[in-house]
Amino acid sequence: MGETLLTHDVPSEHAPWALVTGASSGIGAEFCRQLAKLGYRLVLVARREDRLRELAGELRTAQTGEPLVLPEDLSDPGSCARIEHALSASGVAVDFLVNNAGYGVPGTLVDVSWERHDDFLQVMVNAVCELTWRLMPGMLERGHGHIINVASVAGMAPSSAGHTLYGASKAFLVKFSESLAEEGAPRGVRVSALCPGFTYSEFHDVTGTRDRVSQLPKALWLQADEVVSYGIESVLRERPRVVAVPGRLYRLLVWLFGAFPALGRRLAARNAHKYRDTD
Ligand SMILES: NC(=O)c1ccc[n+]([C@@H]2O[C@H](COP(=O)([O-])OP(=O)(O)OC[C@H]3O[C@@H](n4cnc5c(N)ncnc54)[C@H](OP(=O)(O)O)[C@@H]3O)[C@@H](O)[C@H]2O)c1
């Protein structure tokens, strides 16, 4: 576990359900493992069904039963409605939603096809809002629930050229989570935007930047388990962290970017080529 200890325990006879998008690898798979340990039954969403079934086998216990596997491509505008339908058909009421699925698109805005940008915005922005819109009313009615939107330090740091919509989509998630936290709090629904920095997962292999980012100092890298335990603790603690940044170094960097924005922009412009395609 990372820098915080979890103290929350869920009674097994009424084990609530958690739904995690992007459950097939990295941070999402780790969310599933940690939520299962807390006694949640899992709904696993991503495209790679074989990976989801393998994880479901690993997580199945007498206490939490068989996870529900929902293979879906969130870039399909019909996917969130299908997920809601599958949940009601199985009698599943989701109490803990983790909007985690995500990836990056290398290149500048105009060098990438609109179809690719459109799919990206569908996964990173629309699906997050729509799934929340579909599942949050049940939480409000029941008077309790938890929502974690996996954003990024990129949503709070100055943006640079390349991967143009990534930082913008994560900044959107931070602002979205802030409003949602205010709307949910009076009715028992807690919301956090989890904002990790560089984290070991498959993210940079998918984006094609592994060679570049492996040159970055070790101190900048987080383990998925510390990111996830910080995120879960942030939304379960008595006063939730609405914007949760795992790791002291990243909290310091975010503070510096806020205090000295012009310096931050200069640093980002000068160093972005070390971790992304800037042209
Ligand atoms: N790793 C980092 O340095 C870092 C830093 C800050 C924030 N984040 C954020 O953390 C989240 C998780 O990323 P990760 O680091 O764990 O990367 P990862 O190992 O590549 O996992 C990404 C997950 O998203 C799913 N996904 C991607 N496109 C999808 C689609 N169209 N429909 C459904 N699921 C889709 C993938 O599943 P399938 O391919 O099976 O669909 C996979 O399970 C992302 O939102 C990312 O932006 C990562």
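Quick notes
- Residues of type lysines that residue 170 reaches as a straight line, Cα spacing below 27 Å, ignoring anything fewer than 8 places off in the same chain: 218, 274
- A straight chain from residue 218 to residue 14 at 0.36 nm per residue would run longer than the Cα-Cα distance by 69.2 nm.
- Once the Cα atoms are used to define both axes, helix 261-271 deviates from the longest principal axis of the chain by about 80 degrees.
- Farthest positive-ward along the range 165-279 dipole, Cα basis, beta-carbon charges - from 214, 271, 172: 271
- Here the contact order of the range 168-279, divided by its residue count and restricted to Cα pairs under 8 Å and six or more residues apart, works out to 30 percent.
- Compared with the dominant principal axis of the Cα atoms in the chain, helix 26-37 is inclined by about 30°.
- Helix-only [θ]222 nm of the chain, DSSP H runs n ≥ 4, -39500 (n - 2.57) each, per residue, nearest 500: -13500 deg cm²/dmol
- Gyration tensor verdict on the range 12-274 (Cα atoms; rounded if a/c is under 1.5, prolate if a/b is larger than b/c, oblate otherwise): prolate
- Percent RCO, i.e. relative contact order, over the chain, from Cα pairs under 8 Å lying at least 6 residues apart: 20 percent
- Choice from 213, 153, 191 with maximal GNM fluctuation in the chain (Cα, 10 Å cutoff): 213
- Stretching residue 251 away from residue 92 to a fully extended chain increases their span by 53.6 nm, per 0.36 nm per residue minus the current alpha-carbon distance.
- The slack in the chain from residue 161 to residue 76, taken as 0.36 nm per residue of separation less the alpha-carbon distance, amounts to 27.8 nm.
Values quoted throughout were computed directly from the atomic coordinates according to the rules given, and no laboratory measurement underlies them. None of the values given here were measured: they were computed from a predicted structure. Here the Cβ is made from the backbone with ideal geometry for all residues, glycine too, and neighbour counts use every protein chain on show.
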